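The values are calculated or read from the model by the stated rules, or taken from the named source; none is laboratory data. Here the structure is a predicted model, which is why all the values come from computation and not from measurement. Neighbour counts are summed over all protein chains in view; Cβ atoms, including those assigned to glycine, are modelled from backbone coordinates with ideal geometry. To get the accessible areas, we keep the full protein, side chains included, count just its heavy atoms, and leave off ligands, DNA and RNA. Shrake-Rupley method; radii C 1.70, N 1.55, O 1.52, S 1.80 Å.
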Amino acid sequence: MSIAARLNELAIVLPEVAAPVAAYVPAVVHAGLVYTSGQLPFAGGALPATGKVGAEVTAEDAKGYARTCALNAVAAAAAAAGGVDKLGGVLRVGGFVASDPAFSGQPGVINGASEVLGEIFGDAGLHARAAVGVAVLPLDSPVEVEVTFILA
């Protein structure tokens with residue numbers, strides 16, 4: 001099944017590629033891979049929430065935002081690669097969680113990204129990953145996700 005057909009089956013509509021908030025491009029193709037820049041959970045051009053996970057933002061909400069970040073990464077990678085069906089799978093996910101000092105559930109938050117990538121790509125969505133707690137992210141976003149895709 002093609003990735004486009006799988007997205008349709010899952011009723012997932014990829015968002016428009018988010019405009020960069022600084023001096024970079026959303027994704028770059030190199031040597032059979034597509035590297036995305038860190039994607040924030042923009043929806044409709046705005047962040048759905050700001051603040052630290054474990055304080056202003058719940059872990060469950062942050063998990064949903066990580067899912068949105070991953071979908072933004074798929075959109076950016078597809079645009080760079082020439083279409084979503086040019087993406088063959090996921091190699092690595094890097095997840096960053098703006099965390100209250102007492103919060104230690106970063107892996108559960110970044111599961112939001114990993115799970116949706118698995119739904120979309122199946123076994124080709126299995127990937128290496130980092131889930132890191134940080135003091136602050138751009139625009140006070142609660143999460144940021146970068147993904148390295150394999151070209152089909």
note = Counting only residues that are surrounded by 13 or more Cβ atoms within 10 Å (Cβ to Cβ), out of contact with any helix residue (DSSP H, G or I) (no Cβ under 7 Å at 6 or more places or on another chain) and of a type in the set (Gly, Ala, Ser), region 123-149 contains a total of 3
request  = Return the residue satisfying two criteria in turn: it lies in region 1-38 and is of a type in the set (Ser, Thr, Tyr) and over 19 Å from Arg67 (Cβ atoms), and of such residues it is surrounded by the most Cβ atoms within 10 Å (Cβ to Cβ).
outcome  = Tyr35
task = Examine region 94-108 for a residue that is closer than 23 Å to Tyr24 by Cα, open to solvent by less than 60 Å² (accessible area, probe 1.4 Å) and touching a Ser or Thr at 6+ places or on another chain (Cβ under 7 Å), and state whether such a residue exists.
result = yes
inquiry  = For Pro41, only one of the following conditions fails: (1) part of a loop (DSSP other than H, G, I, E, B); (2) open to solvent by less than 40 Å² (accessible area, probe 1.4 Å); (3) over 22 Å from Arg129 (Cα atoms). What is its number?
reply    = (3)
ask   = Quick check: is even one residue across region 74-93 under 15 Å from the mean Cα position of the chain (by Cα), farther than 22 Å from Glu115 by Cβ and either open to solvent by 20 Å² or more (accessible area, probe 1.4 Å) or acidic (Asp, Glu) (or both)?
value = yes
task = For Asn8, work out the one condition from (1) farther than 17 Å from Ala81 by Cβ; (2) assigned to a loop (DSSP other than H, G, I, E, B); (3) not basic (Lys, Arg) it doesn't fulfil.
result = (2)
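This table checks each residue for (1) touching a residue at least 40 places away in the same chain (Cβ under 8 Å); (2) in a helix (DSSP H, G or I).
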{"residue": "Arg92", "(1), (2)": "yes, no"}
{"residue": "Phe96", "(1), (2)": "yes, no"}
{"residue": "Glu119", "(1), (2)": "yes, yes"}
{"residue": "Val132", "(1), (2)": "no, no"}
{"residue": "Glu146", "(1), (2)": "yes, no"}
